[in-house]
Amino acid sequence: MVNGQTTNVEIAPWITLLDLLRGPLELTGTKKGCDHGQCGACTVLIDGERINSCLKLAVSLDGADIRTIEGFGTPDALHPMQQAFLDHDAFQCGYCTPGQICSAISLVNEGRAYSRAEIRELMSGNLCRCGAYTNIIDAIETVLQSNGRHKSDGSGR
C-alpha cells in the first residue's frame, strides 16, 4: 500500500523502493540524493518507521504500508509538520525537504525527542546542504510543543 492506496506493480527484484516510487509510480517528491543511504533525501515511512528508500528493495515490501511526502496533507490542508516548515522557512533549495519532513513526522510519532539536542541527534541522518538546520529544528520544535512533548534545553530558542 502506497499513501493509502493498494498498488500492484511488476518489477525486477533489484529495483529499490526509491526507483519504484520515482519511476513506475511517478511519486517524484521522494528525492534521489546520494543513492547510498547517507543523506536522507529519500526518507519515507514504512509501517510508520523512517527508512532510506534507496537502501530498500521494493520486492521486500509486499504488504507494507508506505507513506511518501505525497501522502501527507494536501495543498489546501497541509500536515502540521509541512505548515511548520513553511512558517519557519525550514528550507532553502528544498531538495532535502520531503525527506526532512517525513523523518520529522516519524520523529514526533516516535515520542523520543524532548529537547533541541535530541531533535538534532535524531535528525542527524537527514542532511541539508543549504544549512537550514536551525529553522528545521525550530519547525520540529513547534510541532512537538503543540503536542505537549517538548522541554527547553536552555538554548534560549
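The values are calculated or read from the model by the stated rules, or taken from the named source; none is laboratory data. It should be emphasised that the depicted structure is a prediction, and the values quoted were computed from it without experimental measurement. All Cβ positions, glycine included, derive from the backbone under ideal geometry; neighbour counts span all protein chains shown. With ligands, DNA and RNA removed, areas are computed over all heavy atoms of the protein, side chains included. Shrake-Rupley method; radii C 1.70, N 1.55, O 1.52, S 1.80 Å.
Filter region 96-126 down to the residues that are surrounded by fewer than 17 Cβ atoms within 10 Å (Cβ to Cβ) and more than 11 Å from the chain's Cα centre (by Cα) and list them by number. Correct list: Asn109, Glu110, Gly111, Arg112, Tyr114, Ser115, Ala117, Glu118, Arg120, Glu121, Ser124.
Restricting Ser53, Ser60 to those that are crowded, with 22+ Cβ neighbours inside 10 Å and either free of Cβ contacts under 8 Å to residues at least 12 places away in the same chain or closer than 16 Å to Gly99 by Cβ (or both) reduces the list to Ser53. Scanning region 15-63 for residues that are under 21 Å from Cys130 (Cβ atoms), hydrophobic (A, V, I, L, M, F, W, C) and in contact with a strand residue (DSSP E or B) (Cβ under 7 Å, 6 or more places away or on another chain) yields Cys42, Cys54.
Close contacts from region 78-107, counting a first residue that is touching a residue at least 60 places away in the same chain (Cβ under 8 Å) and a second that is part of a helix (DSSP H, G or I) and of a type outside the set (Val, Ile, Thr), with Cβ to Cβ under 8 Å and a gap of 6+ residues or different chains, come to Pro80/Ser146; Met81/Ala104; Met81/Ala139; Gln100/Phe85; Ile105/Met81. Determine, yes or no, whether Ala64 is more than 22 Å from Gly125 (Cα to Cα) and hydrophobic (A, V, I, L, M, F, W, C). So Ala64 passes the test.
Quick check, is Phe85 modelled with pLDDT of 95 or more and touching a Phe, Trp or Tyr at 6+ places or on another chain (Cβ under 8 Å)? Give the steps one after another, and end with the answer.
Numbers: modelled with pLDDT of 95 or more: yes; touching a Phe, Trp or Tyr at 6+ places or on another chain (Cβ under 8 Å): yes.
Yes.
Take region 4-22 and flag every residue that is among the hydrophobic types (A, V, I, L, M, F, W, C) and exposed (fewer than 13 other Cβ atoms within 10 Å of the Cβ). Quick ask: steps written out before the conclusion?
At the first step, the residues of region 4-22 found to be among the hydrophobic types (A, V, I, L, M, F, W, C) are 9, 11-12, 14-15, 17-18, 20-21.
Once the filter is applied, which keeps residues that are among the hydrophobic types (A, V, I, L, M, F, W, C) and exposed (fewer than 13 other Cβ atoms within 10 Å of the Cβ), region 4-22 yields Val9, Ala12, Trp14.
Screening Leu25 on (1) open to solvent by 30 Å² or more (accessible area, probe 1.4 Å); (2) touching a residue at least 40 places away in the same chain (Cβ under 8 Å); (3) out of contact with any helix residue (DSSP H, G or I) (no Cβ under 8 Å at 6 or more places or on another chain); (4) part of a loop (DSSP other than H, G, I, E, B) shows it passes everything except condition (2).
Within region 63-93, the residues that satisfy the criterion of being exposed (fewer than 14 other Cβ atoms within 10 Å of the Cβ) and of a type in the set (Gly, Ala, Ser) are Gly63, Ala77. With the structure loaded, tell me whether Asp35 is farther than 12 Å from Thr68 by Cα and of a type in the set (Asp, Glu) or whether it fails that test. For Asp35, the condition - farther than 12 Å from Thr68 by Cα and of a type in the set (Asp, Glu) - is met.
Among the residues making up region 91-111, those that are among the β-branched types (Val, Ile, Thr) and either more than 13 Å from Leu45 (Cβ to Cβ) or out of contact with any strand residue (DSSP E or B) (no Cβ under 8 Å at 6 or more places or on another chain) (or both) are Thr97, Ile101, Val108.
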